[in-house]
Every structure is written in C-alpha cells, then in structure tokens.
Amino acid sequence: AGHDSFADGEKQLGSDPESGMEVWLKKGPYGLYVQLGGADVKKPKRCSLPKDMTHTSIDLGIALSLLELPRDIG
C-alpha cells in the first residue's frame, strides 16, 4: 500500500465529464501541472498547480476547476 502512483511523474486523475478526455497530473521542469488530454492530443490544455498544492492534495474536481480558468468575463 506504500506504493506512490506518482513516482513516474504522472498520474491519471480521471476523465472530463464534458469532453470525455483524460485528465492528467504531471510533473514538468517548472513544477506540477494538470493536463486535459493524453499523449494523443497535439496541443493539450495545461494549467500549473498553485505553489501550495502537492500531488497528494489534488483530485479530479480541483483539476477540472483549474483547467476551466481563465473564464470569459462579460
């Protein structure tokens, strides 16, 4: 049970209910980020995690809300 599923630097969090695309948590050169779409997507939407978040504190709901930003205001 002590196995860290994030040891390889990426973890699938689930699927976006709207698009059906996979939602991933990944570790990049500048820190953690979430990504909408897997390796098959040419230009996936990405969003960096706030500095106070770790790979253990993020779930699918948080990832989806981050990926929704920025919102159009008007």
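So which pairs qualify, if the first residue must be in the stretch 44-59 and in a strand (DSSP E or B), the second must be of a type in the set (Gly, Ala, Ser) and surrounded by 15 or more Cβ atoms within 10 Å (Cβ to Cβ), the Cβ gap must be under 9 Å, and the two must be at least 6 apart or on different chains? Within 9 Å, the pairs are Lys45/Gly37; Cys47/Ala63.
Yes/no matrix, rows are residues, columns are (1) at pLDDT below 95; (2) over 8 Å from the mean Cα position of the chain (by Cα):
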site	(1), (2)
Gly9	yes, yes
Gly14	no, yes
Glu18	yes, yes
Met21	no, yes
Leu25	no, no
Tyr30	yes, yes
Val34	no, no
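Exactly one residue among Gly20, Gly14 is surrounded by fewer than 16 Cβ atoms within 10 Å (Cβ to Cβ) and in contact (Cβ under 8 Å) with a residue 24 or more places away in the chain, and that residue is Gly14. Each residue in the stretch 39-55 was checked for being surrounded by fewer than 13 Cβ atoms within 10 Å (Cβ to Cβ) and farther than 12 Å from Leu66 by Cα, and 8 of them qualify.
The values are calculated or read from the model by the stated rules, or taken from the named source; none is laboratory data. Please read all numbers here as calculations on a predicted model, not as lab measurements. Cβ atoms come from the backbone with ideal geometry, glycine included; neighbour counts cover every protein chain shown.
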